[in-house]
Amino acid sequence: MIANIICDLETRYHCRLERLTGGYTNFTYLMAGTDPPLVAKVTNLSNEDTVNEVGAMKLLRGGCNTPAVHEVSELDRMRIIVMDGMQGVNAQSILDAGDWARAEQIYRSMGMLLASQIHSRPYIQQGQGVRLSNRYALNPMIRKLEFVPDSLVTHSIRILSAEDGREQPWVLTHGDYGVHNLLCEADDSLHVLDWEWAEWGSPLNDVAWVCWFTKLHYPGQARMLNAAFIRGYLSNTPQTFSPLQLKAASIYKVCNVLRRLQIAPKEVQLEWVRRLEWTLSEDFSDLCGMM
């Protein structure tokens, strides 16, 4: 199946496909030899996330340092998306290498890019090929997750419900924004990848997700990195938010991951239940002190 797709692309584009990792999901290939450089992402036709990703990238039309879509086709029950190839290394590798001075600068740039080039696009009552937030339908969904303890479900719904009336006006959100989905060039310019979880929703969902990810995976450097991110973000928007709003946005994101794990392996479910419990107990007040 994949072999047929590779053969078709190599024949039509006169290139050689090389598998990519580091910032890319699914079966993603560099189409070596094309000019300009192109990348092909191959996914199952049943994967609605890639339809959503195409909608987001077409809406952006190559803006905000994200790839432009050149072709969307189908072969052997698979969807093939041909898009711009972007230069750089996965930004998370810079954190993992312990280059904290550079990481701090990247986080500041991440915040500026998110505010000025992504969240600057307001929702105007038309999806334009991008899904809408399920924020107000989420509570009954998470009640049905049998692998999540009732106490955590109740606590999550209590916080989400308390913040229902304070949600920010909807904008375009990336949905999984963070260093793991950014390519960083030598001059620290950034390219945004993997728009599969993009949606029209509260800008705090992206802001909280970056801070949540950093607190979880890099606790020793989280305060420094998140401060740089938030200051960069607020330098381009008059946004304000409270600790409870950030916690509610983080719970929203984690619960949507849990919703996707109903048929996942038990160990994966348990890990994300642990992350929900951690989120519910985490203090987000330090982030608001950075404003």
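Please treat every number below as a calculation from the coordinates, not as lab data. A quick note: this is a predicted structure, and the numbers were derived from the prediction, not measured. No Cβ is skipped: glycine too gets one built from the backbone with ideal geometry, and neighbour counts run over all protein chains shown.
Check the straight Cα-Cα distances from K253 and name the lysines below 19 Å, setting aside those fewer than 8 residues away within the same chain.
In chain and number order, the partners are K144, K215.
Using 0.36 nm per residue of separation minus the Cα-Cα distance, give me the extension gain between S73 and H217 in nm, one decimal.
Length gained between S73 and H217: 48.1 nm.
Of the listed peptides 48-55, 112-119, 68-75, what is their order by residue-averaged count of other C-beta atoms within 10 Å, with the highest listed first? Provide the component values of the computation, followed by the final result.
Details: 48-55: 19.1, 112-119: 21.2, 68-75: 14.5.
In decreasing order of mean packing, 48-55, 112-119, 68-75 become 112-119, 48-55, 68-75.
From the helices alone, meaning DSSP H stretches of at least four residues, give me the mean residue ellipticity at 222 nm for the chain, per-run term -39500 (n - 2.57), in deg cm²/dmol to the nearest 500. Before the final figure, lay out each step's value.
Details: 11 runs with 128 residues, N = 291.
Value at 222 nm, helices only, nearest 500: -13500 deg cm²/dmol.
For labels at S93 and K58 in the simple 7 Å Cα→Cβ model, what's the distance in nm?
It is 3.2 nm.
Compute the relative contact order of region 44-117 as a whole-number percentage, counting only Cα pairs closer than 8 Å that sit 6 or more residues apart in sequence.
22 percent
Across all directions of projection, what mean area in square nanometres is found for the Cα convex hull of region 2-84?
Its average projected convex-hull area is 5.1 nm².
Treating only the Cβ of Lys, Arg, Asp and Glu as charged (+1, +1, -1, -1), what charge dipole size does region 2-84 show about its Cα centre? Round to the nearest 20 debye. Could the numbers behind the result be given before it?
Numbers: 8 positive and 11 negative charges, 13 e Å.
So the dipole magnitude of region 2-84 works out to roughly 60 debye.
Could you check which residue among K144, K253, K215 shows the biggest mean-square fluctuation in a GNM of the chain with a 10 Å Cα cutoff?
The residue with the greatest mean-square fluctuation here is K144.
If every alpha-carbon in region 218-291 counts as one equal scatterer, what log10 I(q)/I(0) does Debye give at q = 0.21 1/Å?
One equal scatterer on each Cα of region 218-291 leads to -0.97.
Highest mean first, what order results for 32-43, 81-92 on Cβ atoms within 10 Å?
On the way: 32-43: 17.4, 81-92: 19.2.
Top of the packing list down: 81-92, 32-43.
Give me the net charge of D188's neighbourhood, meaning all other residues with Cβ under 12 Å from the Cβ of D188; Lys, Arg count +1, Asp, Glu -1.
-2
Can you tell me the length gained on complete extension of the stretch Q262 to A186, counting 0.36 nm per residue apart and subtracting the Cα distance?
Extending this stretch completely gives an extra 23.3 nm.
Roughly how many whole Å is it from the C-alpha centroid of region 133-152 to that of region 230-287?
14 Å
Just need the relative contact order of the chain here, percent rounded to a whole number, with Cα pairs under 8 Å and 6+ apart. Spell out each step's value before the answer.
Working: 473 pairs, mean separation 57.1, N = 291.
Relative contact order for the chain comes out at 20 percent.
Give the lysines reachable from K41 as a straight Cα distance under 20 Å; neighbours fewer than 8 places away on the same chain don't count.
Straight-line reach from K41, under 20 Å: K58.
Over all directions, average the projected area of the Cα convex hull of region 125-258 and note it in nm². Kindly include the intermediate steps, with their values, before the conclusion.
On the way: hull surface 38.4 nm².
About 9.6 nm², averaged over all directions.
Give, as a single signed number, the net charge of other residues whose beta carbon lies under 14 Å from the beta carbon of Q126, with Lys and Arg counted +1 and Asp and Glu -1.
Working: positive: K58, R121, R131; negative: E199.
Taking every other residue near Q126 into account, the sum is +2.
Can you check what the Kirkwood hydrodynamic radius comes to for the chain, Cα pairs only, in Å to one decimal?
19.9 Å
Please figure out what share of the DSSP beta bridges in the chain is antiparallel and state it in percent, rounded to the nearest 5.
Close to 95 percent.
What length, rounded to one decimal in nm, is gained on full extension from T11 through to T154, with 0.36 nm per residue of separation minus their alpha-carbon distance?
Length gained, T11 through T154: 46.0 nm.
With only Lys, Arg, Asp and Glu charged, each at its Cβ (+1 for the first two, -1 for the last two), find how big the charge dipole of region 187-291 is about the Cα centre; round to the nearest 20 debye.
The dipole magnitude comes to about 320 debye.
Near A115, within a Cβ-to-Cβ distance under 13 Å, what is the net charge of the other residues, with Lys and Arg +1 and Asp and Glu -1?
Local charge sum for A115: +2.
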